[in-house]
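Visitor: Could you have a look at this structure, given as structure tokens, before my questions?
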Amino acid sequence: MSRSGHEIKDSESQSKFIQDRITATEKHFGQLCETFSSYTRKTARLRDKGDQISKDLISYVDGETLNPSAKQHFSDFAHDLSTIQDYRNAQVTRLESKVQQPLSNYGLKCKHTKADLKAAFAARDKETKIRKKLDVARTKGDTRHIATLETDLQRASVDASRTTKNLEQQSDKFELEKLQDAKKIMTDFVMIEMAFHAKALEVYSQCYKTLNEISVDTDIREFRTKMRPSSSSARMTMARSGSVSSVNSSTVHENTPRADLRGSPHRQQSPQRQQQPRSTANGVGNMMEDDDDESEEGTDEEEETDEEESEEEETEAETERSHRVQTIQPASRR
């Protein structure tokens, strides 16, 4: 039993189609494997950088002595950030085992499928060669050789048919597994990313809360306290007490009687002219006012003395005139 040339042609086109599909799958899955490998390596480097940030923060916190609030909360933030890197490490491990490894295994699977294709192609080529020989024998009319070639052709056709069916089954299985594996690999990738980001979001929320609890006002007060030691406070207290004592001494100096500038003792002012002393810092103003008061008092006393003297002179003049009038008066008439 032999197959027609049309069937052989269809078989060849089918084999070529299957071969092209396997080659394309090997190429695309190889590119995906390379890309996911780079993605995994960069994620691992990001994990390492996150660990380095945590170490740098802990080093900063260990050397911090003036900001207690920042010291405590930055320490908690560094530990939370390190926890996120632990989740990222689990992400890297899962990407390697569930994404990168299955994609790299597809290269080997495509090679096995291509090997099966070669066996099918060999059976088909054997059938084609026997058919050509049979045609030549029939042309020559070699009956004995024709019978042998027909038997070989029948056997080759059965082998070719069997291998072709196996090839179809293997190709169908390969395509089905490829779709299922691609779906599973991408689903695992998404689940790995979702798991990491869900855990990371939870810890990042705690990090945000921790950073908001840092009290900048408390830390800056602590810094200013340490920047201004107790000796400075003592000096400020002494300066304030010195200024108060200088003001008190100037007030006492103003209220103390002073000698007159002319050498005579200071006279007490009359209640009507006595004035309250002005409060000044150095007592110069009161001294000038006291000098002015003394000069005014001397002028008033001189004026009073002159008035008394003029009154006495007027009294004496009136007495003399009265005596003269009595002497000149004539004798009274009888």
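The values are calculated or read from the model by the stated rules, or taken from the named source; none is laboratory data. Source: prediction; values computed, not measured. Counting neighbours? That spans all protein chains shown, and the Cβs are built from the backbone with ideal geometry, glycine included. Note: accessible area is taken over every heavy atom of the protein model, side chains too, but ligands, DNA and RNA are not part of it. Shrake-Rupley method; radii C 1.70, N 1.55, O 1.52, S 1.80 Å.
Visitor: Using the heavy atoms of the protein chains and a 1.4 angstrom probe, tell me the accessible area per residue for the range 152-229 in square angstrom. It would help to have the intermediate numbers written out before the result.
Guide: Details: 5430 Å² over 78 residues.
The answer is 70 Å² per residue.
Visitor: Roughly how many Å is it from the Cα centre of the range 34-56 to that of the range 62-104, as a whole number?
Guide: The distance from the Cα centre of the range 34-56 to that of the range 62-104 comes to 11 Å.
Visitor: When you count, for each residue, the other Cβ atoms within 10 Å and take the mean per peptide, how do 26-33, 95-102 rank with the highest first? Display every interim value, and only then the final one.
Guide: Values: 26-33: 16.2, 95-102: 18.1.
Answer by packing, highest mean first, reads 95-102, 26-33.
Visitor: If you build the convex hull over the alpha carbons only and average its shadow over all orientations, what do you get for the range 72-169? Give it in nm² to one decimal. Working shown, then result.
Guide: Working: hull surface 32.7 nm².
Orientation-averaged projected area of the Cα hull: 8.2 nm².
Visitor: Then there's this: Ignoring everything but the protein chains, give the 1.4 Å probe accessible area of ARG47 in square angstrom, nearest 10.
Guide: 50
Visitor: Hey, if we sort TYR87, TYR208, TYR106 by accessible area with the 1.4 Å probe, largest down, what's the order? Provide the component values of the computation, followed by the final result.
Guide: Numbers: TYR87 75, TYR208 155, TYR106 5 Å².
If we order TYR87, TYR208, TYR106 from most to least accessible, we get TYR208, TYR87, TYR106.
Visitor: If you roll a 1.4 Å probe over the range 6-104 with all protein chains in place, what percent of the accessible area is carbon or sulfur?
Guide: Numbers: 3080 of 5870 Å².
Taking all protein chains in place, the range 6-104 shows 52 percent carbon and sulfur surface.
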